[in-house]
Amino acid sequence: MGTLTICDHPLIQHKLTYIRDKDTKTKDFRELVDEIATMMAYEITRDLPLETVNVQTPIVEAPSKVISGRMLGLIPILRAGLGMVEGMLKLIPAAKVGHIGLFRNPETLQPVEYYVNLPADATERLLIVVDPMLATGGSANAAIASLKSRGCTQIKLMCLIAAPEGVKAVQDAHPDVDIYLASLDSHLNDHGYIVPGLGDAGDRMFGTK
Ligand code: PRP
Ligand code: URA
C-alpha cells in the first residue's frame, strides 16, 4: 500500500482555510493555491535521493549533498491542476510538465479523457499527478491508469483536499502510488462534492460560473 501523507504544516493549514472560504475571490484563490502547492512540493520531494560531491568553499574543499539526478515530471489534471504547477516549479524548476485533460460527467461522475500530452521521457521520470480535489477518485484513477498504460511506473499523487472515498478508490486501484494531501475531509455529498471542501476548484480558480 502506498503511503498517505497529510501536509499539516501550520502555513498550509492557514492558507487552506482561506481557499475554503466562499467569499475568497478568484485572484486570491489562485495565489493561495499557488503558495500551498509550493509548500507541498517541499514535502513531496522530501525523500529524493542525495549523493555526495566535493565543493570548494572559501575555506576548504568539503563533501556536500546534491540531489542525485532523479528527474521529475509534473502532470496536472486539467483544468484545476494547472493552478498548482507554477507553485511547484518554483522549487523544482527543472521538472517537465505533461498534461492530462479529464472532466467529470456531471450525471455519472465518471471521468472523460479528452487530452494527453506527456514529456517524451516520461517513463524515466518520477511523475507527480496534481489536482486540487480528490473526490470520488475517478479522475485521479483515470489519470494514473493513463500514465501506466503509456509505460510510466513511478507515480505520486498530490491533492489539496480529499474525501475518504477518493483516497480509498486510489489506494484500491493503485496501491503503488503515494498520496499527499493538505486535508482529508469528512465525506462526499450526493452530488459528488467534498464536504466541507471548497466547492468547484476549477470554477473558483478560473472565475467560471
Ligand atoms: C474536478 C477536480 C478533479 C475532479 C475530482 O475537476 O479538479 O479533477 O473534479 O473529482 P473526482 O475525484 O470525483 O473525479 P472537474 O471534473 O470539475 O473538471 P475541471 O477541472 O475542468 O473543472
Ligand atoms: N471537484 C471539485 O472541484 N470539487 C469537489 O468538491 C469535488 C470535485
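Please treat every number below as a calculation from the coordinates, not as lab data. The shown structure was predicted, so the numbers you read here are calculated from the model rather than taken from an experiment. Neighbour counts are summed over all protein chains in view; Cβ atoms, including those assigned to glycine, are modelled from backbone coordinates with ideal geometry.
Just a few scattered comments:
- Among the GluC sites (Glu not before Pro) within the stretch 101-176, those in coil by DSSP and having at most 10 neighbouring Cβ atoms inside 10 Å are Glu107.
- Each Cα pair under 8 Å and six or more residues apart adds its sequence gap; the mean of these over the residue count of the chain is a relative contact order of 23 percent.
- Computed over the chain with a Gaussian network model linking Cα atoms closer than 10 Å, the most mobile of Val129, Val55, Val170 is Val55.
- In terms of Cα atoms, the Rg and Dmax of the stretch 40-85 work out to 16.2, 50 Å.
- Order by protection proxy (mean Cβ within 10 Å, highest first), peptides 138-148, 36-46, 94-104, 6-16: 138-148, 36-46, 94-104, 6-16
- Inter-probe distance in nm under a simple model that places probes 7 Å from Cα toward Cβ, at Lys65 and Asp8: 2.4 nm
- Stretching Ser149 away from Tyr193 to a fully extended chain increases their span by 13.0 nm, per 0.36 nm per residue minus the current alpha-carbon distance.
- Each helix, a run of at least 4 DSSP H residues, gives -39500 (n - 2.57); summed and divided by the residues of the chain, these come to -9000 deg cm²/dmol at 222 nm.
- In degrees, nearest ten, helix 164-173 long axis to first principal axis of the chain (Cα): 60 degrees
- Pairs of lysine residues in the chain - Cα separation under 17 Å, sequence separation of 8 or more or cross-chain: 8
- Taking a ≥ b ≥ c as the square roots of the eigenvalues of the Cα gyration tensor, the stretch 21-163 is oblate, since a/c reaches 1.5 or more and a/b is not larger than b/c.
- Local charge for Arg30 was computed over the other residues whose Cβ lies under 11 Å away, with Lys and Arg +1 and Asp and Glu -1, and equals -2.
- Here the translational diffusion coefficient of the stretch 51-133 follows from Stokes-Einstein with Rh set to the Kirkwood radius across Cα pairs; for 4 °C and 1.567 mPa s it amounts to 86 µm²/s.
- Prolate/oblate/rounded call for the stretch 96-209, Cα gyration tensor, a/c under 1.5 rounded: prolate
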